[in-house]
Amino acid sequence: MALKYKRILLKFSGEALMGDGEFGLCAQTLRKVVKQVKDLRDLGVEVGIVVGGGNIFRGAQIQGSGIQRTTGDHMGMMATVINALALRDVIESMDIKAQVLSAMSIEGISTGFNANLVKKQLSNGEVVIFAAGTGSPFFTTDTAAALRGVEIDADIVLKATKVDGIYTADPKKDPSAERYTTLTYDEVIQKNLQVMDMTAFVLCRDHKMPIRVFDMFKDQAVIRIVQGEDEGTLVSS
Ligand code: UDP
């Protein structure tokens, strides 16, 4: 089947990597997530990944301790580096070349971001993992996903979550909640729906970068998406 999306920016939250645990990484979950990356590569899809750090640390969680917010955010960004390194090794264990590029310089562990170079690496079939978010405090890895997606000329930002799309209400609390199959950027704003944080969302909107929110644990969901099938919710103009 032909590919609808040749180059994607895949965003995983840190929590998505911790399985049923309450903290850190789950080996089995990591392999499950990475298997999807392998399936994408086997189809010839170019994959850039932004990973969050919420399974380890979020900058805002330590307020009131004396730790400054900017320091907390630096700690949060370092948490994303830990996840990125784990992802890289698991990806490489499946015989796919992968690299970690970090927005914070960490000599000997990762290299810096260079969009031109990344595009070449992606075309060569390498998986590129973007760590440390945007490199600046007060942002999130959703914003990093939007930013890197635009920078690497991705065809779409795929936001992998535990819920299979965007709903009229929280489906866990409201059984009558319905899933949207498509939304425009304007509808998301009018209805005040939580797709990504606003900075990330506006960046996608301004650059006409489509976003698809989907369930990362639904078998073959990401494969169906790159082949142009409906899965989760698509936000576009
Ligand atoms: N962070 C940051 N700047 C960025 C991206 C992330 O300061 O550009 C910090 C922030 O403290 C955030 C933490 O890193 O709470 C982890 O990222 P995020 O909360 O986006 O992870 P996720 O929820 O996706 O696991």
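Here, each number is a calculation from the coordinates, and none is a lab measurement. Values in this document were obtained by computation on a predicted structure and should not be read as measured data. Here Cβ is always computed from backbone atoms with ideal geometry, including for glycine, and neighbour counts include all displayed protein chains.
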Tally, over the range 27-66, of residues that are in a helix (DSSP H, G or I), more than 18 Å from K218 (Cβ to Cβ) and within 14 Å of the ligand (Cβ to nearest atom): 4
From the list T184, T111, T161, pick out the single residue that is surrounded by fewer than 21 Cβ atoms within 10 Å (Cβ to Cβ) and touching a Phe, Trp or Tyr at 6+ places or on another chain (Cβ under 8 Å). T161
Counting only residues that are over 16 Å from the mean Cα position of the chain (by Cα) and surrounded by 23 or more Cβ atoms within 10 Å (Cβ to Cβ), the range 39-72 contains a total of 1
Suppose the filter is over 30 Å from G228 (Cβ atoms) and out of contact with any Gly (no Cβ under 7 Å at 6 or more places or on another chain); does G59 pass it? no
Would you mention how many residues in the range 193-237 are small (G, A, S), in contact with a Gly (Cβ under 8 Å, 6 or more places away or on another chain) and surrounded by fewer than 23 Cβ atoms within 10 Å (Cβ to Cβ)? 1
Residue by residue through the range 7-26, note down the ones that are away from the ligand (no atom under 16 Å from the Cβ) and either farther than 18 Å from A221 by Cβ or hydroxyl-bearing (S, T, Y) (or both). R7, D20
